[in-house]
Amino acid sequence: MFSMMEAARLEALHLADDPVSGLKAVIAIHSTRLGPALGGCRYLAYPDEQSAIRDAIRLAQGMSYKAALAGIDHGGGKAVLIRPAHLDSRAALFEAFGRFIETLNGRYITAVDSGTSSADMDCIALHTRHATSTSSAGDPSPHTALGVFAGIRATAQARLGGDDLEGLRIAVQGLGNVGFALVEALHAAGAELLVSDLDAGRVQLAVEQLGAQPIASEALLTTPCDILAPCGLGGVLNRQSVAHLRCAAVAGAANNQLASPEIADELEARGILYAPDYVLNAGGLIYVALRHRGEGLPAITAHLARISQRLTDIYAHAQAEKRSPARVADRLAEHLLYER
């Protein structure tokens, strides 16, 4: 554990085991230099405890980078709850997690993530005020999608010479809450949509409502398009998949799209513009952070609008330095977290 923490420059790792509720939880706090750590709470099955810890650490580091470049007064954290094979009461488990968060005295603020819902956050909030994404706070997904949409327009401007999406072929992988909201916005902008998802019902909905063209999940990455938008799970860009991409740019909502940092250099070598995922998908984080401190929608919308300019600035630096935008974004985030 300590070697993993040192490699990620993690501040703290907290573990909880509550046999009564069935709670087995990991909270990774990457940084509190810019403010309390903020990050989602995952509730998933893991093959072993080490996998859960590794996931929490990796995601917490990404949240720190995201918060730093989003310009909000937070560091990065992540919680992972290991889904048990048998559970008597989901509410009791999340209430126990709320009590665990409260012991950290505000150093970590939780939010929805894979496998959790606003109802789960409501249970957590019974025992701590350090919870966002509750039923009263609203769903951050549409705001994530708004930021990604703005980032896609900035990417089109940088790579294709204009931010008008009319007629552009955009391939969207993953039609969850964020992915579907994104394709709705892209459809309204006149884009030609290619879509895939493991849930055939979501694909059918996009076909019927938005005129999207369905593509098998395994074929989407090799389908010719202007912009590829990964909006599902991470790690989709690896050495094998990048070699077969047929797009001008990659700009999507998924976290941790690169299987390793070196993949960014391979995209750059192929002339494919890569939008750093944690810059592009910061809209949800911005929403929950500003809502948590009582800001209204006008302030949130104004902050979301900065995503496009931030991405444009990163592209300009990357072009001037002949480096991948991912490398430039990492350097900027690390300067804010470690050097400022």
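Here is a yes/no grid of residues against (1) at pLDDT 95 or above; (2) over 17 Å from the mean Cα position of the chain (by Cα):
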residue	(1), (2)
THR134	no, yes
PRO140	no, no
ILE152	yes, no
THR155	yes, yes
ASP163	yes, yes
GLY179	yes, no
HIS187	yes, yes
GLY190	yes, yes
LEU193	yes, yes
Do the conditions hold for SER21, that is, is it open to solvent by 10 Å² or more (accessible area, probe 1.4 Å), of a type in the set (Ser, Thr, Tyr) and modelled with pLDDT under 95? no
Taking ARG246, is it under 28 Å from THR32 (Cα atoms), over 19 Å from the mean Cα position of the chain (by Cα) and charged (D, E, K, R)? no
Name every residue in region 65-99 that is of a type in the set (A, V, I, L, M, F, W, C), open to solvent by 30 Å² or more (accessible area, probe 1.4 Å) and closer than 21 Å to LEU126 by Cβ, in order of residue number. LEU87, ALA91, ALA92
Hand me the list of helices (runs of 4 or more DSSP H) wholly inside region 251-315 holding 3 or more residues that are closer than 18 Å to THR155 by Cβ and in contact with a helix residue (DSSP H, G or I) (Cβ under 8 Å, 6 or more places away or on another chain). 262-269, 277-280
Any hit, region 48-64, residues being in a loop (DSSP other than H, G, I, E, B), farther than 21 Å from ALA125 by Cα and over 15 Å from the mean Cα position of the chain (by Cα): yes
With the first residue restricted to region 319-336 and required to be of a type in the set (Val, Ile, Thr), and the second required to be in a helix (DSSP H, G or I) and surrounded by fewer than 17 Cβ atoms within 10 Å (Cβ to Cβ), Cβ contacts under 6 Å at 6 or more apart or on different chains are VAL328/HIS317
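The values are calculated or read from the model by the stated rules, or taken from the named source; none is laboratory data. Treat the numbers as computed from the prediction; the structure is a model and nothing was measured. For neighbour counting, all protein chains shown are included, and Cβ atoms are generated from backbone atoms with ideal geometry for every residue, glycine included. Surface accessibility is based on the protein's heavy atoms, side chains included, excluding ligands, DNA and RNA. Shrake-Rupley method; radii C 1.70, N 1.55, O 1.52, S 1.80 Å.
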